[in-house]
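Here's the structure, in structure tokens; my notes come after.
None of the figures in this text is laboratory data; all of them are computed from the coordinates on show. If you're wondering where the values come from, they're calculated on a predicted model, not measured in any experiment. Neighbour counts run over all protein chains shown; Cβ positions are idealised from the backbone, glycine included.
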Amino acid sequence: MSESDNEKLVREFLTRMGPTPGDVRAAVEEFLTDDVVWENPGSPVCRGKAAVLELMPPDFAQLDVEFRHIAHAGGTVLVERVEDMLRVDGTPIARNLKVMAAFEVRDGRIAAWRDYFDITNLISAQRD
């Protein structure tokens, strides 16, 4: 079975975040709707691209993603992943973060992005 267009869109969005802060901003601009809603545990709900960019650390330069599972139904894409978020100097913002997310796609762009992870375990020593 081949990937759906929505799966491809979400995968491309996550892999295009880096290797510079400018690339991260460009991915947000290109792949998210103007009225996107982004939710993360322990953070305020972001509404709109400007709020998304404001919540991201200014030195966030690279998202390295290991995709574990991707599933879709209609306009919703579920993604289980392990990610490293790196600063411009290569130091981690988060390492080996296990994340489950729901993305809602509308008209070829991501309209909602909800991440679920254990906020108490942002940095861990190894992947399992």
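Modelled spin labels at Asp34 and Glu66, positioned 7 Å past Cα toward Cβ, are 4.0 nm from each other. Kirkwood's formula applied to the C-alpha pairs of the chain gives a hydrodynamic radius of 14.8 angstrom. As a proxy for reagent exposure, ranking Val45, Val52 by other Cβ atoms within 10 Å from fewest up yields Val45, Val52.
Estimated at 0.36 nm per residue, the fully extended path between Ala26 and Lys8 surpasses their Cα-Cα distance by 4.7 nm.
Neighbour counts of other Cβ atoms within 10 Å put Ile110, Ile119 in the fewest-to-most order Ile119, Ile110.
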